[in-house]
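*Asks:* Once you've had a glance at the structure underneath, I'll fire off some questions.
Nothing in this text is a laboratory measurement; each read-out follows from the coordinates by a stated rule. Please read all numbers here as calculations on a predicted model, not as lab measurements. Because the Cβ atoms are built from the backbone with ideal geometry, glycine has one as well, and the counts that use them run over all protein chains shown.
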Amino acid sequence: MEKKVVIITGAAMGIGKAGVERFGRGGWTVAACDLNEQTLNETVEEMKAKGYDVKPYVLDVADYDACAKVVDDVVATEGRIDALYNNAGILGDRDGILGFDHNKVKEAFDVNVFGALNLIQLVARAMDKLGIQGSIVNTTSINAEVGTWDPIGYIGSKGAMKAITQGAAFHLGAQGIRVNAVSPGATITPMAASVYDCPPAREAVAINHNRHRWIEPEEVANAAFWLAGEESSGVNGIVVAVDDGYATGKGADLLGIFEEWEKEHPAEA
C-alpha cells in the first residue's frame, strides 16, 4: 500500500505544527507549508528527528501561482495527494465594525478564504486527475458559530469558510472527494497569545469552555487527522467543533475586559 500524502498549511507552529506531528506519527508523508521559512525549517527538522517524513514548502497561500507550484511539486515528487489540511490563517486586526481597518480585513480574507480556496481547487483538480478519492479539511472557528468580540475580518472569514466547506462538499462529491472542517475553540497557540495579552480576558475565555480551560493544539489536530482518514469515510460537509462546548454558551464581554485592563495597565496596553 502506498504511503498517503497530505499538504498542511500554516504548518510551522500552533495547530498546524500539531497537525504535522499527528499526520507524521500516523505514517503519512507531510508537505508542510508556511510563509515563515525559519520557523518552518525548525519544525521540519524537529519532526524529522522523530522519524517523520516531512518536507518544507515556503508558501504564501494567497498567491495562486505559488500554490499551484507547490501542488505540482508534491504530485511530481510523491506521485499523489490524499488530503489537504487548510490551516493557515491570520487575524486581521482587533477592532470591530466601527473601527476596523479595511486593508487588514482584506488581508484576512486573502489568506483565510482565498488562500484556502486556491488550494481546495488545485488539490481537488490533482486528486481528480489522479483518480484519488481524497479528503479536504478546512479550519473554521467558534467565531463562525457564535457572536464574539474577535476581529470582524477574522469572524467574517471563518463564517465564509464554513459555507465554503459545505458548498465544496456538494460540488466535489461526484469526484469522491470529501470536504469537512474543524472548528477550534480558544486554542493555546502563538497567535492566540498575541491577542489574549490580558490575563482577565484569558481567564474569561477559559470559563466559557465547559471544563473551564483552553483547547490544546493537539486536540484540534486529532480531529483533523480523523476527518482526513478512512475512519471518517461517511462524514462529509460537516464542521466538527473542537471547543469543549464553547459554542453552546454565551461568550463573555471580552472587549469590555480589555478596555478595563488597558485603563489599569497603560504601560502594558
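*Asks:* Using Cα pairs under 8 angstrom and six or more residues apart, how large is the relative contact order of the chain, in percent? Can you show the working numbers first?
*Replies:* Numbers: 522 pairs, mean separation 48.6, N = 269.
RCO, the chain: 18 percent.
*Asks:* For Asn36, put the label point 7 Å out on the Cα→Cβ axis and report which residues of segment 80-104 keep their amide N under 14 Å from it.
*Replies:* 88-91
*Asks:* Still on this model: How high is the FRET efficiency between Asn222 and Met191 when r is their beta carbon distance and R₀ equals 22 Å, given to the nearest 0.05? The partial results should precede the final answer.
*Replies:* On the way: r = 19 Å, r/R0 = 0.88.
Given R0 = 22 Å and the Cβ-Cβ separation, E is 0.70.
*Asks:* How many angstrom lie between the C-alpha centres of segment 1-23 and segment 66-105?
*Replies:* 14 Å
*Asks:* Given a cut-off of 18 Å, what percent of all Cα-Cα pairs of segment 9-66 lie beyond it? Could the numbers behind the result be given before it?
*Replies:* Details: 377 of 1653 pairs.
Tail of the P(r) past 18 Å holds 23 percent of the pairs.
*Asks:* Binning every alpha carbon pair distance of segment 1-104 at 10 Å from zero, what are the percents per bin?
*Replies:* 15, 44, 26, 10, 4, 0
*Asks:* Let me ask something additional. Just want to confirm a number: the relative contact order over segment 71-191, from Cα pairs under 8 angstrom separated by 6+ residues, in percent.
*Replies:* Values: 184 pairs, mean separation 36.9, N = 121.
Relative contact order, segment 71-191: 30 percent.
*Asks:* Next question. May I ask for the Kirkwood hydrodynamic radius of segment 47-184, worked out over all distinct Cα pairs and given in angstroms to one decimal? Write down the numbers at each step before the final one.
*Replies:* Details: mean 1/r = 0.0630 Å⁻¹.
In segment 47-184 this quantity evaluates to 15.9 Å.
*Asks:* Given Cβ point charges of +1 (Lys, Arg) and -1 (Asp, Glu) and nothing else, what value in debye, to the nearest 20, does the dipole of the chain about its Cα centre take?
*Replies:* Working: 23 positive and 38 negative charges, 188 e Å.
Approximately 900 debye in magnitude.
*Asks:* Between Asp93, Asp65, Asp110, find the one with the highest GNM mean-square fluctuation for the chain; connect C-alpha pairs within less than 10 Å.
*Replies:* In this elastic network of the chain, the residue with the biggest mean-square fluctuation among Asp93, Asp65, Asp110 is Asp65.
*Asks:* Output the pairs from Lys48/Lys69; Lys3/Lys69; Lys3/Lys129; Lys50/Lys162; Lys48/Lys104 with a Cα-Cα distance over 28 Å in this structure; if there are none, say none. Walk me through the intermediate numbers first.
*Replies:* Working: Lys48/Lys69 23 Å; Lys3/Lys69 22 Å; Lys3/Lys129 18 Å; Lys50/Lys162 34 Å; Lys48/Lys104 35 Å.
Beyond 28 Å between Cα atoms: Lys50/Lys162; Lys48/Lys104.
*Asks:* Can you spot the aspartates and glutamates whose alpha carbon is less than 17 Å from Lys158's alpha carbon? Ignore those fewer than 8 places along the same chain.
*Replies:* The reachable aspartates and glutamates, counting only those whose Cα sits under 17 Å from Lys158, are Asp93, Asp95, Glu107, Asp110, Glu145, Asp150, Asp243.
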